[in-house]
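The values are calculated or read from the model by the stated rules, or taken from the named source; none is laboratory data. Remember, it's a predicted structure, so these values are computed and weren't measured experimentally. All Cβ positions, even for glycine, are placed from backbone atoms using ideal geometry, and neighbour counts span all protein chains on display. Side chains are part of the model used for accessible areas, which takes the heavy atoms of the whole protein and leaves out ligands, DNA and RNA. Shrake-Rupley method; radii C 1.70, N 1.55, O 1.52, S 1.80 Å.
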Amino acid sequence: NNKKISDFDTYAMPSFGIGYMPEDRRLIPNLTVKENILLPLWSNKNNKNNTLEDILEFIPEVKAFLKNDAYQLSGGQQKLVALARAMIVGNKLLLLDEPFEGVAPALAERLVELIVGLNKLNLITLITESDVTYSKHISADIVKLERGKIII
């Protein structure tokens, strides 16, 4: 019985162990950072999640602004929170859409370190990136697509 992910309602996605970090972060401005990170758990029924403590150990910078509302953060800080939110349910697969888009070079380099570190957590990570300036520093298989076709 083969099922496609599109056969399921969106609220079921966290139970599959898939975390998603959208390009535009999509944080809820008036929720705290902690609430934004924990948000996917509110619909997750499988209870096989990463813990907030595990994520804060992996991304320690986030501890400093856990109680802040999301709108108070810089764009780069919001990217870190979006990655943490993806990781809270993404214990099998992380989908990172343009993780380096619109962030300062120092933070982009930190994101490279974090993404490389995901390999040590045995997470499959899929990154979409239109500019390979930073992603080329991640030792991984790269598939180039142009207008929907694989370019060798």
If each of ILE150 and HIS137 carries a label point 7 Å out from its Cα toward its Cβ, how far apart are those two points in nm? 2.9 nm
Could you do me a favour and compute the accessible area per residue for the stretch 58-152, 1.4 Å probe, result in Å²? 59 Å²
Where the centre of each part is set by its Cα atoms, how far does the stretch 72-149 sit from the stretch 2-57, in angstrom? 16 Å
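Roughly speaking, to the nearest percent, how much of the stretch 42-152's 1.4 Å accessible area is carbon and sulfur? Each step should come with its number before you reach the end.
Numbers: 3640 of 6870 Å².
Summing carbon and sulfur atoms, their accessible area is 53 percent of the total for the stretch 42-152.
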Can you tell me which of LYS67, LYS136, LYS120 moves the most in a GNM of the chain? Springs connect C-alpha atoms under 10 Å apart. LYS120
